[in-house]
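Notes follow the structure.
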Amino acid sequence: MDKPSKQTVRIGFYICHCGSNIAAMVDCPAVARFVGTLPHVVLSRDYKYMCSDPGQELIQKDISEHQLNRVVVASCSPLLHEHTFRGAVEAGGLNPFFFHMVNIREHDSWVHTDPAEATAKAKELAHAAIMRVAMHKALEVKKVPVHPDVLVVGGGIAGIHAALTLANAGKKVFLVEREPSIGGHMAQFDKTFPTLDCAACILTPKMSAVGTHPNITLLSYSEVTKLDGYVGNYTATVKRKPRYISEDKCTGCQECIANCVYKEPKFPDEFNEGLGKRKPVYIPFPQATPQVVVIDPQTCLNFRNGELTGKCKKSCVAACGDKEAIDFSQTETFQELKVGTVIVTTGFQAFDAKRMPQYGYGKFPNVYTALEIERLVNTSGPTAGHVVLRDGKTEPRSIGIIHCVGSRDKKTNRWCSRVCCMFSLKLAHLLKEHTGAEVYNFYIDMRAPGKGYEEFYDKLLEEGVHFIRGRVGEVTDWARTPDEEGKLVIRVEDTLAGYVRRIPFDMVVLATGLEPHADAQDVRRMLNMSCGSEGFFLERHPKLAPVSTFTEGIFLAGCCQGPRDIPDTVAQAGAAAAEALALIDKGFIEQEPNTAFILEDECCGCKSCIPLCPYTAITFDAANKKAVINEALCKGCGTCVAACPSGTIVQNLFDDEEIFSEIEGVLAHE
Amino acid sequence: MSNEWQPRIVAFFCNWCTYTAADLAGVSRLKYASNTRVIRLMCSGRVDPQFILDALAKGADAVLIGGCHPFDCHYAEGNYKCLRRFQLLKRMLMDMGIEAGRLRLEWISAAEGEKVKRVINELTETVRQLGPLGIPQQFAEWDKEMEQFAAHVEAGEALKTPCAEHAPTQEPAHV
């Protein structure tokens, strides 16, 4: 490689105070003075906010006034503002890659406590960048076209909203949902807080819009199993699970259900949280989208252990008649989709209340989870909205709602699930409305931040719902007094009154928290995303890129990224759709030019690099006995560069000599 | 800053997991020892063993490599390539008399800011116990001996010099 001629290198150095974020710990003027003494540094400045417009204009002005041809900025993380400063350098008339960034905020001022040490570290990091940037070369940004179609993974309210937004903008959307119907958790809810809108009334119009939209291809009962490619050019493999019903032929008449050999529904109904019953051939709920029945091979008599036996008399087939929609020969099929961007809206799972045995869920029949109550108070639920205990007839006269079950608890999940206080209030209201029972809420803190939420809490106080502050110790059926006989007793320390109480109830409701899906890790790996420590998918930046991920072209919305309520989910889904639209309408993406290439003259043809490439970007040119890197396939990891025994592979932006200079720079001081 | 000797540690962090975790440590305002200088690479698979040898040769007392957890590499398997090189290099460093504690490889995911803090603090403490590595000083000493030796040879006294056994027999860890 040609070394840049040392005489021509003219570096401008800028250190940012970031208000007091950096300046409070690092002596910025001292660092600027020090860097000013280094070779090739033409000017060295400190400035209050480099990322501000005046800061960027300063760089542009200096480039022309001082004929700078390299720029170094010491400020925050390059993951945050490298792009900003590259833009400023380019606007100043330089190739944007004649720039290097030094992270003295996240990696220095924010994590150290001794100003002298922090300043010394800033000097060394700056020195390394000055040495490195002298080695930088002009690079070209490659433009790759973006496929205009979008894949939305998960058909809850987030996925529905994102899909509709994109489809209304004229983009083709594939919406993949693993359950037989879209709708997600929201379809299970009765009312929504704080407005008490009926969830079905506001959701089902959107669901049917998805079902009929010409731009949306709905793939229900399907799962994404693989995602290949890169931003703008993804290939997704979708597994279509057999529902044993032809989606094209089924009209949703449900004659098959009426004529199933099982005269009565017999099997626990997933949609109603097992409180109701369904037949082996069923439609999950009346407004299900698509309006296509599904046959469950685990319970259908025509199967045994999921294998087709053909032993049932198949009255459903007869009932279907010449529509011939029932097809027992269906098997799993796989479909490939070409898309440019992906929106992940896989949602959450409710905390399994059995993990807190002290609350007796699964042991005492009249301990319920919040989702069960949602179904119980719902007019289209298993009891047609009649709130009765599990015996099917007794109306509860007293109900205790326990907050924070599987939230804010070091033994289970540490995070606040954000929605439980509010849905507990809503359920308290609905239960009181349905039964007139005395309702108690046991809370740690009442969290009602949101438009109209605090007012809703006030309303509940006025309605006469009781609130007791304290984490419940246990739910027991062990009666100590006659009035506790046959009841569930909640033992709790009332931390406002300052004593331990025992309160008997007919019904106990557990406000179970939200947690990542059990298979969230598999999904994360498949889509090459990151997870936070709780297991929710990690956004690119918590504030400035809340729906982006670390993988370009993959966006997040809804509870897969963290617990949130419906308004926030819908807002986020809209944001994710807008991000996808921005990519699609631009038409191309600019790829970081950090790919590797081979210095053809020096390659000895040893083939060491070829098996190392995870993207099979390296091939062997047998005629010339040289390895060749396909730039379009290279993603710039640099593994081959590190392995090349003759040092003939060069990685743009992370070239050997750039890194060696950086090493020398950080170690240049005693 | 105290005047006592301070360990100098060079760290190579992958862009996607460990560098982001170090950013998270910053955003979370965790506090850790200031002895580590981070060099960002796209992948731990980019860590050329020469980088490590070069860092040690230029005065680092220890080298830390941070990559994504197994199965989590942004580039599918770069972290495994890094692990293989790390194992071989570690053995080689031990043969060269460099303590195993001076080279550390850690899988730190983007969510593990706390782990960045712990690992850097632990490594700083380990190196503090081990003391300076001092390879540049060693090189300087050898150079001086060689100069003296050359001077002796020039003066025709080569056979009398007692330090012939110190002359380096092979190229030291220098790039």
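Quick notes on this one:
- Which numbered condition A:His81 misses (of (1) in contact with a Phe, Trp or Tyr (Cβ under 8 Å, 6 or more places away or on another chain); (2) crowded, with 20+ Cβ neighbours inside 10 Å; (3) at pLDDT below 95): (1)
- Test: A:Phe364 is aromatic (Phe, Trp, Tyr), surrounded by fewer than 22 Cβ atoms within 10 Å (Cβ to Cβ) and under 30 Å from A:Lys410 (Cβ atoms): yes
- Residue match in region B:106-113 (condition: crowded, with 17+ Cβ neighbours inside 10 Å, of a type in the set (A, V, I, L, M), within 11 Å of another protein chain (Cβ to nearest Cβ) and on the phi > 0 side of the Ramachandran plot): no
- Looking across region A:390-403 at every residue that is among the hydrophobic types (A, V, I, L, M, F, W, C) and touching a Ser or Thr at 6+ places or on another chain (Cβ under 8 Å), the one that is surrounded by the fewest Cβ atoms within 10 Å (Cβ to Cβ) is identified as A:Ile399.
- Selected residue [over 21 Å from A:Asp114 (Cβ atoms), of a type outside the set (Gly, Ala, Ser), at pLDDT 95 or above and in contact with a Leu (Cβ under 6 Å, 6 or more places away or on another chain)] from A:Arg10, A:Arg70, A:Arg45: A:Arg10
- Segments classed as strands (runs of 3 or more DSSP E), wholly inside region A:416-478, with at least 1 members that are in contact (Cβ under 8 Å) with a residue 40 or more places away in the chain: A:438-443, A:472-476
- Flag if B:Ala33 is closer than 17 Å to A:Ala118 by Cα and either touching a residue at least 40 places away in the same chain (Cβ under 8 Å) or not β-branched (Val, Ile, Thr) (or both): yes
- Inside region A:541-558, residues that are in contact (Cβ under 8 Å) with a residue 40 or more places away in the chain and either of a type in the set (D, E, K, R) or facing chain B (nearest Cβ under 10 Å) (or both) make up a count of 3.
Here is a yes/no grid of residues against (1) assigned to a helix (DSSP H, G or I); (2) out of contact with any helix residue (DSSP H, G or I) (no Cβ under 6 Å at 6 or more places or on another chain):
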site: A:Phe97; (1), (2): no, yes
site: A:Val111; (1), (2): no, no
site: A:Ala118; (1), (2): yes, no
site: A:Lys121; (1), (2): yes, no
site: A:Ala126; (1), (2): yes, no
site: A:Ala129; (1), (2): yes, yes
site: A:Arg132; (1), (2): yes, no
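- Breaking point among (1) surrounded by fewer than 19 Cβ atoms within 10 Å (Cβ to Cβ); (2) over 11 Å from the mean Cα position of the chain (by Cα), for B:Val119: (1)
- Residues of region B:41-52 that are more than 7 Å from chain A (Cβ to nearest Cβ), surrounded by 22 or more Cβ atoms within 10 Å (Cβ to Cβ) and more than 9 Å from the chain's Cα centre (by Cα): B:Ser44 alone.
- Unique residue being free of Cβ contacts under 8 Å to residues at least 40 places away in the same chain and either in a loop (DSSP other than H, G, I, E, B) or more than 8 Å from chain B (Cβ to nearest Cβ) (or both) when the list is A:Ala642, A:Ala668, A:Ala623: A:Ala623
- If you go through region A:306-320 and keep only what is free of Cβ contacts under 8 Å to residues at least 60 places away in the same chain and small (Gly, Ala, Ser), you end up with A:Gly306, A:Gly310, A:Ser315, A:Ala318.
- Looking at B:Ala55, B:Ala76, just one residue is aliphatic (A, V, I, L, M), at the interface with chain A (Cβ under 7 Å from one of its Cβ atoms), surrounded by 23 or more Cβ atoms within 10 Å (Cβ to Cβ) and outside any strand (DSSP E or B), and that residue is B:Ala55.
- Being surrounded by fewer than 20 Cβ atoms within 10 Å (Cβ to Cβ), more than 10 Å from chain B (Cβ to nearest Cβ), hydrophobic (A, V, I, L, M, F, W, C) and in contact (Cβ under 8 Å) with a residue 12 or more places away in the chain holds for only one residue in A:Leu68, A:Leu139, and it is A:Leu139.
- Long-range neighbours under 9 Å by Cβ, at least six apart or interchain, first residue among the acidic types (Asp, Glu) within region A:166-177, second assigned to a loop (DSSP other than H, G, I, E, B): A:Glu177/A:Gly154; A:Glu177/A:Gly155; A:Glu177/A:Gly156; A:Glu177/A:Gly183; A:Glu177/A:Ser220; A:Glu177/A:Tyr221
- Residues that are part of a loop (DSSP other than H, G, I, E, B) and either farther than 23 Å from A:Ala596 by Cα or facing chain A (nearest Cβ under 8 Å) (or both) within region B:58-72 comprise B:Lys58, B:Gly59, B:Ala60, B:Asp61, B:His69, B:Pro70, B:Phe71, B:Asp72, listed in sequence order.
- Tallying residues that are at pLDDT below 90 and of a type in the set (A, V, I, L, M) within region A:527-578 yields 2.
- Flag for A:Asp114 being within 30 Å of A:Ala520 (Cβ to Cβ) and surrounded by fewer than 22 Cβ atoms within 10 Å (Cβ to Cβ): no
- Just one of (1) within 26 Å of A:Ala199 (Cα to Cα); (2) in contact with a Pro (Cβ under 9 Å, 6 or more places away or on another chain); (3) surrounded by 22 or more Cβ atoms within 10 Å (Cβ to Cβ) fails for A:Ala577. It is (2).
- Total residues in region A:626-639, condition more than 7 Å from every other protein chain (Cβ to nearest Cβ) and either assigned to a loop (DSSP other than H, G, I, E, B) or modelled with pLDDT under 90 (or both): 5
The values are calculated or read from the model by the stated rules, or taken from the named source; none is laboratory data. None of the values given here were measured: they were computed from a predicted structure. As a convention, Cβ positions derive from the backbone with ideal geometry for all residues, glycine included, and neighbour counts pool all protein chains shown.
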